[in-house]
Amino acid sequence: MNLCCGIDIGNAKTEVAFMGNEKLNLVRQPSVVSQLLSKPETNDSDEKTLVTNLLDNLAVHIFSDALKKDGIYFVGRKALDTPRNIKNMNITLGNKVKQDIPIITSLSLLAGVAIQKHYETKETLPKTLTLNVKMATAIPSSEYTKDSAKFLEDRFLGEHNIKVFVGSNSVVVNVNVTHCKCTEEGKTAMLAFLKSENDILSNYNDTYNENAKPIDFAKARSLHSDIGDGTSEIIFTQGFNPVPNGSYGVRVGVGHATNEAIKLYRNELGGLIGDITRQHFIELLTGDTEKSKVAREKMTEATYIQGYKINEHIQQAFVEYTASTAEYFFVHGGGSIVFKKDMYEDLIDFTSQVRARVVWIPEEYATSMNSRGTFYLAQQLFCKE
C-alpha cells in the first residue's frame, strides 16, 4: 500500500493530509501520548466499529530506531481519556526535531490510516500490512536550520514497525518512509491557499467589499502570521514564494496563553488541582460546569495578553522584515481562531494606517493550512504521477 501525505506535527495536534476517494482527507489527533507498562485491555465492540473508531482509540506498540526507546502507548484522544503517564509537547524547551512525541503520533496515525484503508476494501483485519510513505512535514522557523530539518527527515526515513491493538486482535504495520522533506512551518501556507476554494477569502471579501480569488494574490507582497500552539511563524512572501531571510518564529501562541490560564485557574482553586495538560484544559473550556466557567474567565485574561504580544510582533515584522512594503497581512493557524476577538480590530486599524489589508483565513481553513500545504509539497516533490 502506498501513501503520499503531508503531516502537520503541531504542538496541539498532529494532522495527516492525503488523497482518498478523489478528495483530500484530513485526519488528526491531539499531540499527546500516554505510556503503558503492558498490553492494554481489550475492547469488546464488533470489528467494524473498532476499525471505524480506530483513530480515536489508538493503542500501539512501536518498534523504531527513531525513538529513544520502544514502547506501548495510548495516542491522541485515547491518551486524553486515560491520562496516567501522559505527555505532551514541551513548548518551553522547543527543539521539536528531537522530541519523540511527533514521531509516535505521526507513525501511529499512519498505521491507523493503513488499517482503515485496507478494511474499506477487504472488510477483514490483516495480520500484517506494509505502508510505503512519501511525505513532507515542517518545523517552526525559530528552530529551522538545514541540519535540524535533515535530522528530522532522517528520523522519519526508513522502516518502523507499529503493532496496533484492535480489540482482542492486533495488526503489525510496517511503515516504510521512502521519501521525506522537512521545511519551515508557514512556508507551505501559500500552497494551501492557492489550492483552496474561493470561500477562503470570505472574510476578506466581506470586509473590503470585493470578489477576490486566491489567484489574485499571485504577485502580492504578503506578511503571513501562522499562529500556532507553541510558536507563531511570521513569513514574508512575494507572490507564492517566501522572501529569503524574511521569516522567523516567536514563542507566542495558544499553548502559552493556555499555560498562563492554567496557572490562573490553579490559583483560583487554591492550588488544589493536580497536573493538567493544555489539551485537558482546552476540553474544560467547552463544559458547562462552574469549573468550566472559571476556566473560560482565566483563558479570556490570558488570550488578551498573548494576542497583544502577537500583534506587536506582526507590526514589528512589517517594518523590519518587509521594509514596510507588505500589501496584505495573512493570519491563519489555530491561534487565528482563539485570538481573533483580541487581535482583529487592532490589526485592521494598523493596516488601514499603513495602506495594507488583512486576509484573515476563515476557521474552516485556518487550522489545516500546514497539513494541506505539506501535502501539496510532497505531491510536487515525490508524487507527480
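The values are calculated or read from the model by the stated rules, or taken from the named source; none is laboratory data. The shown structure was predicted, so the numbers you read here are calculated from the model rather than taken from an experiment. Please note: Cβ atoms are built from the backbone with ideal geometry, for glycine as well, and neighbour counts cover all protein chains shown. Ligands, DNA and RNA are stripped out before the accessible areas are found, and what is left, the full protein with its side chains, is counted by its heavy atoms. Shrake-Rupley method; radii C 1.70, N 1.55, O 1.52, S 1.80 Å.
A few remarks follow.
- Sorting the segments 275-285, 228-238 by their mean number of nearby beta carbons within 10 angstrom, highest to lowest, gives 228-238, 275-285.
- Here the extension length gained between Y208 and T289 equals 25.1 nm, from 0.36 nm per residue of separation less the Cα-Cα distance.
- For region 254-299, the relative contact order works out to 45 percent when only alpha carbon pairs closer than 8 Å and six or more residues apart are counted.
- Value of [θ]222 nm, deg cm²/dmol, for the chain, DSSP H segments ≥ 4, -39500 (n - 2.57) each, nearest 500: -12000 deg cm²/dmol
- Of the GluC sites (Glu not before Pro) found in region 108-182, the ones in coil according to DSSP and having at most 16 other Cβ atoms within 10 Å of their Cβ are E123.
- Put a dot 7 Å past the Cα of K263, heading toward its Cβ, do the same for V172, and the two dots end up 4.8 nm apart.
- Per-peptide average of other Cβ atoms within 10 Å, ordering 64-73, 133-142, 293-302 highest first: 133-142, 293-302, 64-73
- Computed over protein heavy atoms with a 1.4 Å probe, the accessible surface of region 163-236 works out to 36 Å² per residue.
- Probe 1.4 Å, protein heavy atoms only - accessible area per residue of region 13-137 in square angstrom: 49 Å²
- Within the accessible area of region 100-208, the carbon and sulfur atoms contribute 43%, probe 1.4 Å, all protein chains present.
- Percent breakdown of C-alpha pair distances by 10 Å bin, ordered from the shortest bin, for region 16-87: 18, 42, 32, 8, 0
- Centroid-to-centroid separation of region 163-194 and region 39-62 [C-alpha atoms, Å]: 19 Å
- Restricting the calculation to alpha carbons of region 56-146 gives Rg and Dmax of 15.1, 45 angstrom.
- Estimated translational diffusion coefficient (Stokes-Einstein, Kirkwood radius over Cα pairs, 20 °C, 1.002 mPa s) of region 107-258: 116 µm² per second.
- Cβ-derived FRET efficiency at R0 25 Å, K195 paired with N132, nearest 0.05: 0.55
- Which labelled figure in (i) 35, 26, 18; (ii) 54, 27, 19; (iii) 51, 23, 18 is semi-axes √(5λ) of the Cα gyration tensor in Å, once derived from the coordinates: (i)
- Carbon + sulfur, % of accessible area of region 247-385 - ligands and nucleic acids excluded, 1.4 Å: 49 percent
- Region 301-385 - convex hull of the alpha-carbon atoms, volume per residue in Å³: 115 Å³
- When each full DSSP H helix of the chain is screened for a Cα extent of at least 30 Å along its own axis and an average Kyte-Doolittle hydropathy of at least -0.5, the helices passing are 101-122.
- Peptides ranked, highest mean first, by Cβ atoms within 10 Å: ranges 163-174, 364-375: 364-375, 163-174
- Shape call, region 190-347: gyration tensor on alpha carbons, a/c limit 1.5: prolate
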